[in-house]
Amino acid sequence: MRAALCVLCALAAGPAAAGELPLWELGAGVGALALPDYRGSDEGRGYVLPVPYVVYRGKFLTADRRGIRSALFDTQRVELNLSASASLPVNSSRNEARADMPDLRPSLELGPSVEFTLWRSREGRALLELRLPARAAFTLESSPENIGWVATPNLNLDLAGRGALAGWNFGLLAGPVYGNRRHHEYFYGVAPQFATPARPAFTAPGGYAGLQLLAAASRRFEGFWVGAFVRADTLRDAAFEASPLVKRDTYFAAGLAVAWILGTSRERVDAPE
């Protein structure tokens, strides 16, 4: 669920030819998501959420569909970006596996991502990267709680469409998920006081947390932007797979977003589309 929320804010990244573009663009829109309550849940919900559209193409700081990055650590082969993710709250009274357990609070994950360019096409319309993000996770509430860390190393392929698909950007991402004991315990641990005959007590260890595969597409039109994604996720052989809260080891999630561009700067810069 947490990756899907960030995908709606930057659905796909496809390198394209450079050109004169506004220094900044601002907009807002709406997104629709179909997600499980949490990774491993056999229950899910549909959501309609606001979607921000923010692009900044500065000389020393850039925020676009590839994330937030600084020119202080940006070469042709290595970049240091900001990695972010989030999760929605889960009301345990609406989830059978978590009945009578504490609710899951919404959370935010932030941390660095070192990204290595493995291959770039000669014309710059395709890019293959190795991304190494690591994020600290915190609950979003009046007294935030540190709920551990997550690492999601992945291979990311970005493609710019041609011919009938010109203007579209496509992204493919695949990689494992890792978390420490505290993070896994927050989502999959069952304390003794919440144990039942059908839900035995469980202490979740840290380590491997499954594999995720994601495909996304987006396009900026005159005055608005659209994007969509589909994600497949498996928890097979995850460190916490034996948790009674893991009801399904494979699932799919999807989302669609539309954002209207409400304002752009008069200043133009030479940047990828």
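The numbers here are math on the coordinates, done by the rules we state, and not lab data. Fair warning: this is a prediction, and the values are worked out from it, not measured in the lab. Neighbour counts run over all protein chains shown; Cβ positions are idealised from the backbone, glycine included.
Some points to look at:
- Amide proton proximity set for Asp103, modelled H, under 5 Å, gap of 5+: Ser92
- Signed unit charges on C-beta, dipole axis of the chain, positive-most listed residue Gly40, Leu130, Ala99: Leu130
- What the phi angles of region 128-143 give under the Karplus curve with 6.51, -1.76 and 1.60, with θ = phi - 60°, is a coupling list of 10, 10, 9, 10, 10, x, 9, 10, 8, 10, 9, 6, 9, 7, 4, 10 Hz, glycine and proline written as x.
- Least to most buried among Arg135, Arg120, Arg219 (fewest other Cβ within 10 Å first): Arg120, Arg219, Arg135
- Top of Leu173, Leu235, Leu49 by mean-square fluctuation, Gaussian network on the chain, Cα under 10 Å: Leu49
- Spin-label pair Val226-Val48: with each label point 7 Å from Cα along the Cα-Cβ axis, the two points sit 1.8 nm from one another.
- Kirkwood-type hydrodynamic radius, the chain: 19.7 Å, calculated from all non-identical alpha-carbon pairs.
- In plain terms, the residue of Ser83, Ser143 with the fewest other Cβ atoms within 10 Å comes first and the most crowded comes last, giving Ser143, Ser83.
- Dipole magnitude of region 2-272 about its Cα centre (Cβ charges: Lys, Arg +1; Asp, Glu -1), debye to nearest 20: 420
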